[in-house]
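Report on one structure; see the data block that follows.
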Amino acid sequence: MGTRTYPDLPRVYVDMDGVMAAFEAAARAQGITPAQLKLQRGAYLALQVIAGAKEALRDLALLDFDIFVLTKIPSGNVYAATEKLLWIEMHFPELHDRVIITSDKGCVGKQRDFLIDDHPEWANADQFPGTIITFTGDWPSV
């Protein structure tokens, strides 16, 4: 694979579930809780893209931000990591090699970086060293 070099730009880390992928809407549509959905095999592959996500990430890249997906996999679903990577490949192929899977979002990033997350109180995201933007379902407001 070789050595990777990255531009000296602020990074925007974007959570997948609930920010890029309509996770909670999928749970509601099935009449189950998000906690139940995250344990189902195939659940992540079937998620829809949240309206405005593709355009927003494209616009952020045009503003000279280095974009990464920052996501956590649930314990109890051994397929989740593969499904999330496949979902990114299907819907955001430009980010297929920019996915970071971690149980601790607070250990990623620098002070100049940004995290867009719908639940910064989970996965230690509230300890992210940069600016946290809480996603409320509306990409234009971000």
task: Please work out if residue 33 is touching a helix residue (DSSP H, G or I) at 6+ places or on another chain (Cβ under 9 Å), open to solvent by 60 Å² or more (accessible area, probe 1.4 Å) and among the β-branched types (Val, Ile, Thr).
output: yes
Practice item. Check whether at least one residue in segment 53-72 is among the polar types (S, T, N, Q), at pLDDT below 95 and either open to solvent by less than 60 Å² (accessible area, probe 1.4 Å) or within 20 Å of residue 23 (Cα to Cα) (or both), and report yes or no. Key: no
Determine whether residue 45 is over 17 Å from residue 117 (Cα atoms), loosely packed, with under 15 Cβ neighbours inside 10 Å and touching a Phe, Trp or Tyr at 6+ places or on another chain (Cβ under 7 Å).
-> yes
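Taking segment 1-38 as the search range and keeping residues that are among the hydroxyl-bearing types (Ser, Thr, Tyr) and at pLDDT 95 or above, which one is farthest from residue 78 (Cα to Cα)? Steps first, please.
Looking only at segment 1-38, we keep the residues that are among the hydroxyl-bearing types (Ser, Thr, Tyr), and these are 3, 5-6, 13, 33.
Remaining after also requiring at pLDDT 95 or above: 13, 33.
Values: 13: 24, 33: 19 Å.
Taking the candidates together, the pick is 13.
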For residue 13, the lone unmet condition from (1) in a strand (DSSP E or B); (2) touching a helix residue (DSSP H, G or I) at 6+ places or on another chain (Cβ under 6 Å) is (2)
Would you check if residue 81 is surrounded by 12 or more Cβ atoms within 10 Å (Cβ to Cβ) and at positive phi? no
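The values are calculated or read from the model by the stated rules, or taken from the named source; none is laboratory data. Quick caveat: nothing in here was measured; it's all calculated off a predicted structure. Glycine also receives a Cβ, built like all others from the backbone with ideal geometry; neighbour counts cover every protein chain displayed. When the accessible area is computed, the model is the full protein with side chains, heavy atoms only, and any ligands, DNA or RNA have been set aside. Shrake-Rupley method; radii C 1.70, N 1.55, O 1.52, S 1.80 Å.
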